[in-house]
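Here is the structure we will look at, set down as structure tokens.
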Amino acid sequence: MSGDLRPDQRPAWQALEAHAESMRSAHLRDLFAASTDRFADFSRHTAGLTLDLSKQRWQPETVSLLLDLAREADVPGAIERLLNGERVNRSEDRPALHTALRLPQNASLIVDGGDVVPGVHRELSRMEAMVDKLHAGQWRGATGHAIRDVVNLGVGGSDLGPLMVTHALADYRPPEAQRIRVHFASTMDGSQLADYLSRFQPETTLFILSSKSFTTIDTLSNARTARDWLLSRLVGTGHGVQRDLVMRQHFIGVSASPDKMNEWEIAPANQLEFWDWVGGRYSLWGAIGLPIALITGMANFRALLAGAHAMDRHFQDAPLTDNLPVLLALAGIWNVNFLDIRAHSILPYDGRLAYFASYLEQLEMESNGKSVTHEGKVTSYSTCPVLWGQLGPNAQHAFYQLLHQGTQAVACDFIAPLKRYDDVADTATREHLIEQHRLTLANCFAQSRVLMLGDDAIKAPGVRPSHKRYRGNQPSTTVLLDRLTPDTLGALIALYEHKVFVQATIWDINPFDQWGVELGKQIAGETEQVLTSGDGLEAMDASSRGLIDALWAAEASMRSDEGPASEDGK
């Protein structure tokens, strides 16, 4: 590293700024015309993934300068510190060891004098026992009926990761998992949970309370509603059921806080633990992934871990020039800091990846949405771009208009599997589905091509009117999976995790804390107290006072409407 210089004061950053002056006017169509080897030069393959960076607005000199920037920021050393369990989360003075959750059982990782791997695999074994019991129909509710519906109560990383993966791997559901149905409720307004409680039977419903701290108000408000729903229907209603039996048979807790789970009356045998060195948005690899294992089975869950571990090994061992997470991160640095592209869209072309964009929104913006360095100095450069996205075929009919002809530059990631449906038994159906998959890939490849070339991608003769012109020159990355499997999905998620870390290292920010989120929780709690008691209202700003008055008026109106029914029955 270059002493105590800010990232944008380092020689490589300065060289990149000078280089960017010429590259800002370069058009991708000209870069492709100048070289027939761009795909070979700017694509890499590992762990079942192909990363194509040839449609980034860069050339070999750009990548060479970006690699210099990574070396000046000591990215190789940072990778070692992350994977060796050093305290890379400096503001909270602890490691960030989500990669330890996918280490094989015969591995060893000493952190603070102890090997963390045995504890990880102990919890995986306990999770597997729960999964096997539920799959076998041997987990009984308080009245002796086998559990049928499992509802995961969590928010943020306790919801987005498991939800995304279970949807992506639904094809891998083994026969024994058909016995149960898994659902997710995250919204604190109760709308998701209310729907489930209106349809499910309390005798056959189990709730998983997933919360790192076990204090998250969103999750606990849903949990209290679920608990009261069970107790009011199972205790003292002729079933002869006691409260402790309901709590033991209908709740599993997943948390880094066993004491809080005990306070909530979660039976010790039903508690799964993870550790404070795992951030919530990085936690799907451990006990938070219980819903994944319930849907896909433990064999497929372990394959997910193995795929992520394969990417970890690549991240650690591959030289920077061939390192997929590093190269993907550098493309983002180039776009944000030197081409002034502050928007990034995630566009999967496979319906099974419907929740992947939402997952990355949290992973990237909660991790790198920071403006203060490790030393507490305000950054003089941009960090994380705004991320959004959805399934590419749907997005084509929604916001692609902005991508092609809007005024905002947007970098895009196109994600798709190469192989699908070749295992469908019926020949005619298989051929139809393979044709649909080919059509999907045609759209994926075509959209990135038009974003790159603009009007040059169109073969129609004559001069096009201005409202039908496309400027092109929008950079994009394409990630192709050999096939969407537990292994390749694990590698894909780990690819983006490590990309985030590399960018944070270059920006000199901490990707593992989330003080902005914590502030929101604190202020929400204080505001709830004002709503309940009125104390402190006078200290609120005029807008907040007006909004609170509007709520109180609405509540008073509802109370008055609860009087005797009128003559027409209303």
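What follows draws every value from the coordinates through simple rules; no lab data is involved. Quantities reported herein were computed from a predicted structural model and do not represent experimental measurements. Here the Cβ positions follow ideal geometry from the backbone for every residue, glycine too, while neighbour counts run over all protein chains shown.
Between the beta carbons of Thr187 and Val378, assuming R0 = 35 Å, the FRET efficiency works out to 0.55 to the nearest 0.05.
Relative contact order of the chain, taken over Cα pairs closer than 8 Å and 6 or more residues apart, is 18 percent. Checking the cross-link pairs Lys419/Lys468; Lys212/Lys377; Lys260/Lys377 against a 31 Å limit on the alpha carbon distance flags Lys419/Lys468; Lys260/Lys377 as lying beyond it.
When the charge dipole of the chain is built from unit charges on Cβ atoms (+1 for Lys and Arg, -1 for Asp and Glu) and taken about the Cα centre, the candidate among Leu16, Phe207, His183 whose Cα reaches farthest toward its positive end is His183.
With a simple spin-label model that places each label point 7 Å from the Cα along the Cα-to-Cβ direction, the separation between Asp541 and Asp228 comes to 3.3 nm. For the chain, the longest principal axis of the Cα atoms and the long axis of helix 324-333 meet at an angle of about 80 degrees. Once the Cα-Cα distance is subtracted from the 0.36 nm per residue extended length, the Gln14 to His45 segment shows a gain of 8.1 nm. By how many degrees, between 0 and 90 and to the nearest 10, does the Cα long axis of helix 217-234 differ from the longest principal axis of the chain? Approximately 30 degrees, to the nearest 10.
Sequence gap at least 6, Cα distance under 8 Å: using those rules, report the relative contact order of segment 98-298 to the nearest whole percent.
The value is 30 percent.
Add +1 for every Lys or Arg and -1 for every Asp or Glu among the other residues with Cβ under 14 Å from the Cβ of Leu360, and state the total. So the environment of Leu360 carries a net charge of -3. Of the peptides 317-326, 420-429, 336-345, the order by per-residue mean of other Cβ atoms within 10 Å, starting with the highest, comes out as 336-345, 317-326, 420-429. In a reduced charge model with +1 at each Lys and Arg Cβ and -1 at each Asp and Glu Cβ, the chain shows a dipole moment near 1420 debye about its Cα centre.
Peptide packing: for 533-545, 490-502, the average count of neighbouring Cβ atoms within 10 Å per residue gives the ranking 490-502, 533-545, highest mean first.
The spacing between segment 391-406 and segment 211-275, judged by their C-alpha centroids, is 44 Å. Take every Cα pair under 8 Å whose residues are at least 6 apart in sequence, average their separation, divide by the length of segment 400-467, and the relative contact order is 30 percent. Placing +1 on each Lys and Arg Cβ and -1 on each Asp and Glu Cβ, with no other charges, gives segment 249-345 a dipole about its Cα centre of roughly 260 debye.
Between Thr532 and Arg81, the simple spin-label model (points 7 angstrom out along Cα→Cβ) gives 4.2 nm. Computed from Cα positions, the angle between helix 60-72 and the longest principal axis of the chain comes to roughly 50 degrees.
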